[in-house]
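Presented below is the structure to which this report refers.
The values are calculated or read from the model by the stated rules, or taken from the named source; none is laboratory data. Fair warning: this is a prediction, and the values are worked out from it, not measured in the lab. Using ideal geometry, Cβ is built from the backbone for each residue, glycine included, and neighbour counts are taken over all protein chains shown.
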Amino acid sequence: MNGATLLDKMELVEPKYLEATERTPQKKPRWIRVCAVAACLALVLAIPAMAAVPAIYEVLYALSPATAQFFKPVALSCVDNGIRMEVSAVYLHENTAELYITMQDLTGDRLDETTDLFDSYQIHTPFDSTGHCDRVGYDSATKTVTFLVTLEQWNKQDITGDKVTFSVGSLLTNKQRFEGVLSDVALGDAALTPDTQVADLRGFSGEAVDPVALVPGDVLSTPVEGVSVTGLGFVNGCLHVQTHYDNIHHTDNHGYVTLVHRETGEVLQRERSLSFFDSDGTGSYQDECFPGITPDTLGDYDLYGTFVTASPAITGRWSVTFPLDPQKIQP
């Protein structure tokens, strides 16, 4: 660090600390003032190095986002787990920034046109803002996925000049969607007095959710890898259909079922549903309730499933920091 830079950094030290070094109490040795100034300088010199350490950076950001981003080193690209993340372009207009981020597989063919960030991304800015990220392209020749990050600064202030940090922890790929009749499930076989349990809910939908669910039984159908129908029965006059989703923390497997009338095509939607973890704590059961249907009419309906699955997530620690200045971003 040269002298001019050091003087610039000195401006960041709160005046009260420097003023304190100028007040010399009676009978205090002069070397105390020297030590105080040295301590302030040491702090100024140490902050840039501290800001490069992820754990310390997060603490600093929580205390002062502007300070954390000021000292955060610029890094337009990074590589982890054989995948490179890079800032490819920045477009600024008024209080909005559009940032193009690419992810490229350097060692294999793990990324595809379905790749998403599994809700694992974070955007750190020195100002109050709203933001979101969308996948906008995939190049199979270079194995590169492109994402568009859009930021809007509050109060319509000019957004130019500040530094932004964008980080990612997981990538989901090979996402597949299944839709169709589960022909191997005979609704007419629904148990009239199934085994039930009071579930420890992890989530639910619908009003006045009843925590009573089916006890998981034998697999009735596996329409797609990672998804199985594990229960079918009436509870308190409501038809329950239970589905198990494997490894949800790493695949985001999810979906729902409906009942479709074989002749009219009428679709019956669930009124409510609840979900709870399996015994391993890695998969989730979803118990969906269809009221207003009776055992003697079940034979008129087919069970229809809509499911989304993916390969286990690719994990890593990707992070880029860049100025909101198009002239400083070299594609």
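The table for this structure:
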| read-out | value |
| --- | --- |
| Every residue from region 258-268 that is polar (S, T, N, Q) and in contact with a Phe, Trp or Tyr (Cβ under 8 Å, 6 or more places away or on another chain) | THR258 |
| Matching residues in region 287-313 - criterion: being modelled with pLDDT under 95 and either of a type in the set (Asp, Glu) or within 16 Å of HIS244 (Cβ to Cβ) (or both) | ASP296, ASP300 |
| Every pair of residues 6+ apart whose Cβ atoms lie under 6 Å, when the first sits in region 311-331 and is under 18 Å from THR173 (Cβ atoms) while the second is of a type in the set (A, V, I, L, M) | ALA313/LEU172; ILE314/LEU171; TRP318/MET85; TRP318/VAL168 |
| Strands (runs of 3 or more DSSP E) enclosed by region 225-309 - at least 2 residues per element that are closer than 21 Å to VAL212 by Cα and in contact with a Lys or Arg (Cβ under 8 Å, 6 or more places away or on another chain) | 254-261, 272-277, 284-290 |
| Residues (surrounded by 18 or more Cβ atoms within 10 Å (Cβ to Cβ) and over 17 Å from LEU99 (Cα atoms)) located in region 111-159 | LEU111, THR115, PHE118, LYS143 |
| Residue ID - surrounded by the most Cβ atoms within 10 Å (Cβ to Cβ), chosen from residues in region 290-304 that are without any contact (Cβ under 8 Å) to a residue 60 or more places away in the chain and within 18 Å of VAL229 (Cβ to Cβ) | PHE290 |
| Subset of region 255-271 that is surrounded by 18 or more Cβ atoms within 10 Å (Cβ to Cβ) and under 27 Å from the mean Cα position of the chain (by Cα) - its residue that is farthest from VAL185 (Cα to Cα) | GLY255 |
| Among the candidates PHE178, PHE166, PHE147, residue that is closer than 30 Å to GLY233 by Cα, aromatic (Phe, Trp, Tyr), at pLDDT 95 or above and in a strand (DSSP E or B) | PHE178 |
| Failed item, numbered, when ASN236 is tested on (1) touching a Gly at 6+ places or on another chain (Cβ under 8 Å); (2) modelled with pLDDT under 95 | (1) |
| Unmet requirement for THR222, which otherwise passes all of (1) surrounded by fewer than 17 Cβ atoms within 10 Å (Cβ to Cβ); (2) assigned to a strand (DSSP E or B); (3) touching a residue at least 40 places away in the same chain (Cβ under 8 Å) | (3) |
| Flag if LEU232 is buried (at least 20 other Cβ atoms within 10 Å of the Cβ), touching a residue at least 24 places away in the same chain (Cβ under 8 Å) and of a type in the set (A, V, I, L, M) | yes |
| Hey, LYS163 touching a Lys or Arg at 6+ places or on another chain (Cβ under 7 Å), closer than 30 Å to GLY316 by Cβ and not hydrophobic (A, V, I, L, M, F, W, C) or not | yes |
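Yes/no matrix, rows are residues, columns are (1) farther than 18 Å from ASP325 by Cβ; (2) free of Cβ contacts under 8 Å to residues at least 40 places away in the same chain; (3) in the same structural domain as SER167 (by TED's automatic domain parsing):
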position	(1), (2), (3)
THR67	yes, no, no
MET85	yes, no, yes
SER88	no, no, yes
ALA97	no, no, yes
SER120	yes, no, yes
